[in-house]
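Engineer: If you scroll down you'll find the structure; I have some questions about it.
The values are calculated or read from the model by the stated rules, or taken from the named source; none is laboratory data. Just so it is clear, the structure is predicted and the values come from calculations on it, not from any experiment. FYI the Cβ positions are ideal-geometry reconstructions off the backbone, even for glycines, and counts take in every protein chain you see.
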Amino acid sequence: MSTISFKRPLVSDIPVAVAVTVWLLVTANATFWTKGMLYFGAHPTALAAFAAAVIALHVAAFLSVSVKYFIKPFYIFAIFAAAAASWYADKLGIIIDRTMIGNITSTTVNEAKHLLTGRFVTHMVIFGVIPSLVVAWVRIDHKPFGRKVMEHIIVIVPCLLLAGGLVFLKYPGFSSTFREHHDLLASLNPAAPVVAAVKYGKTISAETNIVVQALGTDARYSEPGTHPGKPHVLVVVAGETARAQDFSLYGYERETNPVLKSHDNVLTFADTTSCGTSTAVSLPCMFSAFKRTDYSDAKGKGTEGLIEVLNHAGISTQWWDANTGSKGVAARTVELTFASGDDPRFCSNGECRDDVLVEKLKQELPKVTGNTVFVLHQIGSHGPAYYMRYVEETAPFKPDCRSSDFADCSKDEIRNAYDNTIAYTDKILGDIIDALSARRDHILGAMIYVSDHGESIGENGLYLHGAPWFMAPAEQTHVPFLAWLSPELVIDEQTDIECLRARNTGPHSHDNLFHSVLGAMEVDTAIYDQSLDVFAGCSAHRASQ
Ligand SMILES: [Zn+2]
C-alpha cells in the first residue's frame, strides 16, 4: 500500500522569522499603522525611520527565539494573540492593555459568548489557524549550534544597529510622539497585549499575599432624625455602561428618562467622572475610600471599603448582582447572584434583565428590621448585546440592533438599541422607587444610582469601553449620578431639596459615592469627608451635628 505524502519543505529559521514578522505587521496592525501615519503624518522621513525600526526589531526578536521545540509554539502563540487583539483594535477601537487583560480573565461565559461572533471565528481561522498550520507544517532547519549563533549574529546585530541608529537619529521626534500618543505603541500587535499580559501576571502574583487593612472601625450610626422604629433603607444601584450624555436628565435630546422625570425628589449630580473605563477598575474604586487619583488595584484590594465601614456602624448590607459579580467589593458581606436565573418572566438563554433585582427588593423590603443598604449591581447597558437588556415590545427606539455583532447593524440601529437600555434603566430605577415607596409606613427609603463607566457607540470609530484612562473619550468616562430621597426621609431630616440642588452643580466623580452613602446613612467616622458628601449641608437636623 502506498501513501501519498506532501513533502514538508525544509527552511532556514531566518526566512521563517522574516515571514512571521511580515505577516504580523501587515495583517494584525492596521490600527497601529493608521495611528503611525496620523501621528508622523507631517514627517514622512520620521515615519519611514519608525517603520524600519519596528520591522528590524521584530526580525531580531523573532529570530532570537529560534530554539528547537520553542520557536514554533512561540510563533503560533504570537499569531493567535495578534489575530485576536487586531480584531478588537481594528473593528472596535479597543486596546488590549493590562486592565483589559484583567477584564478578559474576569469575564463570564455569558459575557464572552456575545463577543464570539461568526465573523470573529472566521477572522481567527483566516488570521490565526491557517498561518499557524503553515508554521507547523514547514520543517525548520536548525543548524549546529556554532553555525546557528554565527548566522543569528549576522542578522540580529545589524537589525539592532539599524533600529538603534534610527531611534538615535530621530530621537526628538520619536520621543515627543510617544509621549503625546501613548496609544501608538499600545496598539502594536502582538507586542503590546503580550507585555500587558506579563504585567497583569505580575500584579496578580503581588496581590496573592495581601492582608486586608481594617478601615473606619470607629464608624457609628448617629441618629439625628425623629423616626423611632423606622429603619433607613438605602438602595445603591451600581449602574453598568450607562453614559451621562444619553440621559435626558442631563440634556439628551431624546426622552430616555420619562419615569425618573415623573418623580419628585430626584437629584441629578452634574458632570460626574468615573474612576475607570471598565467594571473591574471602576467598581472596586467606587466602593473604596480612595480617590481616583490615589487609587490602585492593590490599595483597593488591601483595604476595607464602604461595605465594611457600614457594617462597622451596625448597618446591614447585601450585594445583589445581575452582572458579573462584585469584583471583590462584597467579599465580606452577603453577595447573591441573579445573572443567570431561570425566572421565565425576566430570563432567557441564561441571562436576566435587571427586573430580577427589583423582584428581590420587593421580597426583602418587608423583612427589613434595621438600617440597611442594598447594593444592586445592574447588567444595565452592557454590550455588545444591548438588545438583551430590555423588552423589545415596549422599547421606545426602533429599529434597534438585534445582534451582538455590530457589523450586522447601522450606526442608528446601534444607537437605538443602546438608548433602549438607558430607557430600561430609567424604568428599573422607577420600579425601585416604587418598591421603596410602597413600604413608606415602615422605612425611610432612599436610592443612589451611579454608573460604573460610559460607552462608545461608534464615535471616532470606537465601540464599547475599556479605553486606557489617558486616552478615554468623555463618552466612556462621564456617567449619570443621581439620587432619590423619599418624602418621609426629607421630612424626618428636614432636608432642603432645593438647597441640595443648588449645592450640587458639579463637578462630581466616583470619589463622592463613599462619603455620600455614609452621609445618607448618617454614619459618623473619622474617615468621613463632608466635602465629598453630596447630601451634606442642607439638612436642619444634620447641621446641628
Ligand atoms: Zn462596567
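Engineer: A238 fails exactly one of the following numbered conditions: (1) out of contact with any helix residue (DSSP H, G or I) (no Cβ under 9 Å at 6 or more places or on another chain); (2) within 16 Å of the ligand (Cβ to nearest atom). What is the number of that condition?
Structural biologist: Among (1) out of contact with any helix residue (DSSP H, G or I) (no Cβ under 9 Å at 6 or more places or on another chain); (2) within 16 Å of the ligand (Cβ to nearest atom), the lone unmet condition for A238 is (1).
Engineer: Condition check: assigned to a helix (DSSP H, G or I), farther than 25 Å from S176 by Cα and under 31 Å from the mean Cα position of the chain (by Cα). Does V16 satisfy that?
Structural biologist: no
Residue by residue, here is whether (1) under 24 Å from V375 (Cβ atoms); (2) within 16 Å of the ligand (Cβ to nearest atom) holds:
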{"residue": "M447", "(1), (2)": "yes, no"}
{"residue": "V450", "(1), (2)": "yes, yes"}
{"residue": "H465", "(1), (2)": "yes, yes"}
{"residue": "D496", "(1), (2)": "no, no"}
{"residue": "I527", "(1), (2)": "yes, no"}
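Engineer: Can you give me the number of residues within segment 396-429 that are outside any loop (DSSP other than H, G, I, E, B), in contact (Cβ under 8 Å) with a residue 60 or more places away in the chain and touching a Pro at 6+ places or on another chain (Cβ under 9 Å)?
Structural biologist: 7
Engineer: Could you tell me whether S12 is polar (S, T, N, Q) and under 30 Å from P284 (Cα atoms)?
Structural biologist: Answer is no for this residue.
Engineer: Would you confirm, using the coordinates I've provided, whether A438 is closer than 21 Å to E240 by Cα and away from the ligand (no atom under 16 Å from the Cβ)?
Structural biologist: Here the answer is no, as A438 does not meet what is asked.
Engineer: Can you name every residue in segment 348-388 that is away from the ligand (no atom under 16 Å from the Cβ) and hydroxyl-bearing (S, T, Y)?
Structural biologist: S348, T369, T372, Y387
Engineer: Test each condition in (1) surrounded by 15 or more Cβ atoms within 10 Å (Cβ to Cβ); (2) away from the ligand (no atom under 15 Å from the Cβ) for I204 and report the one that comes out false.
Structural biologist: Checking I204 against (1) surrounded by 15 or more Cβ atoms within 10 Å (Cβ to Cβ); (2) away from the ligand (no atom under 15 Å from the Cβ), the one that fails is (1).
Engineer: While we're looking at this one, here's another question. List, please: which pairs have Cβ atoms under 8 Å, are six or more places apart or on different chains, and start with a residue in segment 312-330 that is within 16 Å of V237 (Cβ to Cβ) and end with one that is away from the ligand (no atom under 16 Å from the Cβ) and polar (S, T, N, Q)?
Structural biologist: Note: pairs meeting the criteria are T317/N311; T317/T333; T317/T372; Q318/T333; Q318/T372; W319/T333; A330/T317.
Engineer: I've got another one for you. Can you find a residue in segment 379-391 that is of a type in the set (S, T, N, Q) and surrounded by 24 or more Cβ atoms within 10 Å (Cβ to Cβ)?
Structural biologist: Looking for residues that are of a type in the set (S, T, N, Q) and surrounded by 24 or more Cβ atoms within 10 Å (Cβ to Cβ), one finds at least one in segment 379-391, hence yes.
Engineer: One residue is enough: does segment 469-485 have a residue meeting the conditions crowded, with 21+ Cβ neighbours inside 10 Å, part of a helix (DSSP H, G or I) and aromatic (F, W, Y)?
Structural biologist: no
Engineer: State yes or no: is F74 closer than 19 Å to P15 by Cβ and free of Cβ contacts under 8 Å to residues at least 12 places away in the same chain?
Structural biologist: Against the criterion (closer than 19 Å to P15 by Cβ and free of Cβ contacts under 8 Å to residues at least 12 places away in the same chain), F74 qualifies.
Engineer: Please work out which residue is nearest to the ligand (Cβ to nearest atom), limiting yourself to segment 267-306 and to residues that are under 14 Å from S516 (Cα atoms) and assigned to a loop (DSSP other than H, G, I, E, B).
Structural biologist: Across segment 267-306, the extreme among qualifying residues is F287.
Engineer: So, one more: Does segment 219-231 include one or more residues that are buried (at least 24 other Cβ atoms within 10 Å of the Cβ) and either in contact (Cβ under 8 Å) with a residue 24 or more places away in the chain or assigned by TED's automatic domain parsing to the domain that holds E359 (or both)?
Structural biologist: no
Engineer: Given the criterion closer than 23 Å to L283 by Cβ and more than 22 Å from the chain's Cα centre (by Cα), identify the matching residue among V391, V368, V356, V375.
Structural biologist: None of the others qualify; the one that does is V356.
Engineer: I need the full set of residues from segment 243-266 which are within 16 Å of the ligand (Cβ to nearest atom) and of a type in the set (K, R), in order please.
Structural biologist: Result: R243, single match.
Engineer: Hey, another quick one. Within segment 489-545, work out how many residues are free of Cβ contacts under 8 Å to residues at least 40 places away in the same chain, part of a loop (DSSP other than H, G, I, E, B) and surrounded by 22 or more Cβ atoms within 10 Å (Cβ to Cβ).
Structural biologist: 0
Engineer: Within segment 322-347, track down each residue that is part of a loop (DSSP other than H, G, I, E, B), more than 16 Å from the ligand (Cβ to nearest atom) and touching a Lys or Arg at 6+ places or on another chain (Cβ under 8 Å).
Structural biologist: Pass one, segment 322-347, residues part of a loop (DSSP other than H, G, I, E, B): 322-333, 338-346.
The next check asks that each one be more than 16 Å from the ligand (Cβ to nearest atom); those that pass are 331-333, 338, 340-346.
Answer for segment 322-347, where residues must be part of a loop (DSSP other than H, G, I, E, B), more than 16 Å from the ligand (Cβ to nearest atom) and touching a Lys or Arg at 6+ places or on another chain (Cβ under 8 Å): F338, F346.
Engineer: Test of understanding: among K7, K72, which residue is part of a helix (DSSP H, G or I) and of a type in the set (D, E, K, R)?
Structural biologist: K72
Engineer: Still on this model: N460 versus (1) within 16 Å of the ligand (Cβ to nearest atom); (2) at positive phi; (3) part of a helix (DSSP H, G or I): which is the lone unmet condition?
Structural biologist: With respect to (1) within 16 Å of the ligand (Cβ to nearest atom); (2) at positive phi; (3) part of a helix (DSSP H, G or I), N460 is out only on (1).
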